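Visitor: Shown below is the structure under consideration.
The values are calculated or read from the model by the stated rules, or taken from the named source; none is laboratory data. Given the structure is predicted, the values throughout are model-derived calculations rather than measurements. In this analysis, Cβ positions are derived from the backbone assuming ideal geometry, glycine residues included, and neighbour counts consider all displayed protein chains. Ligands, DNA and RNA are stripped out before the accessible areas are found, and what is left, the full protein with its side chains, is counted by its heavy atoms. Shrake-Rupley method; radii C 1.70, N 1.55, O 1.52, S 1.80 Å.
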Amino acid sequence: MENSIQIARIFGIPIKIHVSFLIVLPFFAWVFAVQPEPYGFAGTHPEVLKYAFALATAILLFASVLVHELSHSYFSLRYGTGIREISLYLIGGVSAMEGELRDSSKEAAMAFAGPFSSLVIGIVLLAVNYLLNPAASTAEGNALFMMIFILGYINVVLALFNLIPAFPMDGGRILRALLASRMSFVEATEKAAAVGKILALLMGVVGLLTSFWLVIIAIFIYMGASAEERQVKSVRY
């Protein structure tokens with residue numbers, strides 16, 4: 001893929017980072033550095049410790065996204081559909097499949113694997129923070145458990161967000177799988193994509209009034225839903 005750099009190969013799948021990733025990684029590190037507890041390290045001293053943990057949190061967050069995508073890829077490979085590459089972008093990751101799974105139950109399982117892995121990571125990290133955090137008595141220990149909490153919290157949020165039944169999120173693929181058991185694959189894709197577009201428009205309106213990031217996410221969702229719909233129609237018609 002253009003504007004992407006391969007950094008590894010896992011399960012035989014090229015792992016790439018888009019140039020936008022190189023921009024957003026230091027930005028995320030800065031956000032974690034200036035946010036107050038418990039969602040950031042603003043109160044951590046010395047400064048070098050604060051920025052070191054903020055950068056580590058940003059890197060591990062994208063590592064969590066990679067695990068999410070690898071979970072999809074594992075089931076896709078298991079069901080006989082290859083993965084061309086996994087790319088990490090500005091606001092997430094994408095597994096480029098070589099084809100669509102035609103079995104609705106298999107597609108649902110593959111789609112659910114990603115959010116499930118994020119949820120497991122999140123719950124485990126939050127449990128570790130809850131059980132062991134009182135033992136931390138140094139600046140390094142406090143920062144470590146803050147990082148564990150932040151990563152756990154974000155992974156749970158990402159899991160729940162991805163289960164929203166709208167393309168291109170995983171919940172949209174689960175919705176298409178359920179619809180495809182009652183109608184054609186193209187019709188199911190059209191309906192799931194329509195839900196995604198409606199959600200994107202609503203999110204964009206709310207974002208204009210509250211948060212620029214919601215607008216960015218809304219654009220990503222709308223474009224993803226449209227691209228998925230076009231791809232399926234081009235193959236089927």
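Okay, residues lined up against (1) open to solvent by 40 Å² or more (accessible area, probe 1.4 Å); (2) assigned to a helix (DSSP H, G or I); (3) at pLDDT 85 or above; (4) closer than 23 Å to Ala166 by Cβ:
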position: Phe21; (1), (2), (3), (4): no, yes, no, no
position: Leu60; (1), (2), (3), (4): yes, yes, yes, no
position: Ser64; (1), (2), (3), (4): no, yes, yes, yes
position: Tyr74; (1), (2), (3), (4): yes, yes, yes, no
position: Thr81; (1), (2), (3), (4): no, no, no, yes
position: Ala113; (1), (2), (3), (4): no, yes, yes, yes
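Visitor: Across segment 9-49, what is the total count of residues that are touching a residue at least 24 places away in the same chain (Cβ under 8 Å) and over 28 Å from Glu140 (Cα atoms)?
Guide: Summing the residues that are touching a residue at least 24 places away in the same chain (Cβ under 8 Å) and over 28 Å from Glu140 (Cα atoms) in segment 9-49 gives 9.
Visitor: Ok, one more. So, in segment 23-42, how many residues would count as being part of a loop (DSSP other than H, G, I, E, B) and open to solvent by 20 Å² or more (accessible area, probe 1.4 Å)? Steps first, please.
Guide: Taking segment 23-42 as the starting set, the residues that turn out to be part of a loop (DSSP other than H, G, I, E, B) are 35-42.
If we keep only those that are open to solvent by 20 Å² or more (accessible area, probe 1.4 Å) too, we end up with 35-39, 42.
Residues flagged as part of a loop (DSSP other than H, G, I, E, B) and open to solvent by 20 Å² or more (accessible area, probe 1.4 Å) within segment 23-42 amount to 6.
Visitor: Let me ask something else. Tell me, please, whether a residue that is free of Cβ contacts under 8 Å to residues at least 40 places away in the same chain, open to solvent by 40 Å² or more (accessible area, probe 1.4 Å), in contact with a Gly (Cβ under 9 Å, 6 or more places away or on another chain) and not aliphatic (A, V, I, L, M) can be found in segment 190-200.
Guide: no
Visitor: Right, next: Return the residue satisfying two criteria in turn: it lies in segment 140-168 and is open to solvent by less than 10 Å² (accessible area, probe 1.4 Å), of a type in the set (A, V, I, L, M, F, W, C) and within 25 Å of Ile219 (Cβ to Cβ), and of such residues it is modelled with the highest pLDDT.
Guide: Ala159
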